[in-house]
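Enquirer: Below: one structure in structure tokens.
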Ligand code: AR6
């Protein structure tokens, strides 16, 4: 059995098996949730990330969590929104699917996602939330090690909007 939960808060505080980072292709840190994760994890995370030779958009790579409560970080690179005709939706769905698959490959049980691509990368929130929800639901329809997937929304408006979209889909 597996469950989806939705919370408002800071993903760096969560003691799940893996938190997902909305990274960029260099995997060498940045702003937003990426900056927060690197700050909370400490320099060991950047050191490990530098050895990964980056990550293409739509793919995912796993590292340790260092000083984070979560023992693993799954770094995925969301698409930059360019109007919607550049394969953004398939790439965003791929981020969720590949992150979940990587967690399952490592026999992890609990994973938390931020709202990938909805900050600096400009993906419209409602469309991104719908893609996230349907991809996670489809993945959880298959048997895997995962027992809980947490959607973490940073601010109250995002949290409220995500809850409404979740209830409607
Ligand atoms: N916990 C949970 N969610 C957060 C946190 C946090 N601590 N901080 C921000 N968010 P963004 P992107 C939310 O911009 O759009 C970086 O520089 C935020 O409110 O972090 O995928 C990378 O290096 C938003 O809803 O990621 C890339 O260059 C969501 O996380 C680029 O930004 C994603 O916003 C990636 O852009």
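Enquirer: Out of everything in the stretch 27-45 that is more than 16 Å from residue 10 (Cα to Cα) and part of a helix (DSSP H, G or I), what residue ends up being nearest to the ligand (Cβ to nearest atom)?
Expert: 45
Enquirer: What pairs can you find where one residue is in the stretch 122-139 and free of Cβ contacts under 8 Å to residues at least 60 places away in the same chain and farther than 15 Å from residue 168 by Cβ, the other is more than 11 Å from the ligand (Cβ to nearest atom) and assigned to a helix (DSSP H, G or I), and their Cβ atoms are less than 7 Å apart, with a gap of 6+ or different chains?
Expert: 123/88; 135/93; 135/96; 135/97; 139/97; 139/100
Enquirer: Let me ask something else about it. So is residue 57 within 13 Å of the ligand (Cβ to nearest atom) and closer than 19 Å to residue 136 by Cα or not?
Expert: yes
Enquirer: Given the criteria buried (at least 19 other Cβ atoms within 10 Å of the Cβ), at pLDDT 95 or above and in a helix (DSSP H, G or I), does residue 149 qualify?
Expert: No: the conditions fail for residue 149.
Enquirer: Still on this structure, please answer the following. Before we move on, is residue 18 within 12 Å of the ligand (Cβ to nearest atom), in contact with a helix residue (DSSP H, G or I) (Cβ under 9 Å, 6 or more places away or on another chain) and touching a residue at least 24 places away in the same chain (Cβ under 8 Å)?
Expert: Considered against the rule, which asks whether it is within 12 Å of the ligand (Cβ to nearest atom), in contact with a helix residue (DSSP H, G or I) (Cβ under 9 Å, 6 or more places away or on another chain) and touching a residue at least 24 places away in the same chain (Cβ under 8 Å), residue 18 comes out as no.
Enquirer: For residue 48, state whether it is over 20 Å from residue 162 (Cα atoms), more than 12 Å from the ligand (Cβ to nearest atom), in a helix (DSSP H, G or I) and at pLDDT 95 or above.
Expert: yes
Enquirer: Of the residues in the stretch 42-79, how many are surrounded by fewer than 17 Cβ atoms within 10 Å (Cβ to Cβ) and out of contact with any helix residue (DSSP H, G or I) (no Cβ under 8 Å at 6 or more places or on another chain)?
Expert: So the count comes out to 11.
Enquirer: Regarding residue 116, is this residue part of a loop (DSSP other than H, G, I, E, B) and surrounded by 22 or more Cβ atoms within 10 Å (Cβ to Cβ)?
Expert: Spelling it out, residue 116 is indeed part of a loop (DSSP other than H, G, I, E, B) and surrounded by 22 or more Cβ atoms within 10 Å (Cβ to Cβ).
The values are calculated or read from the model by the stated rules, or taken from the named source; none is laboratory data. Just so we're clear, the structure is a prediction, and the values are computed from it rather than from any experiment. Every residue, glycine among them, receives a Cβ derived from its backbone with ideal geometry; neighbour counts consider all protein chains shown.
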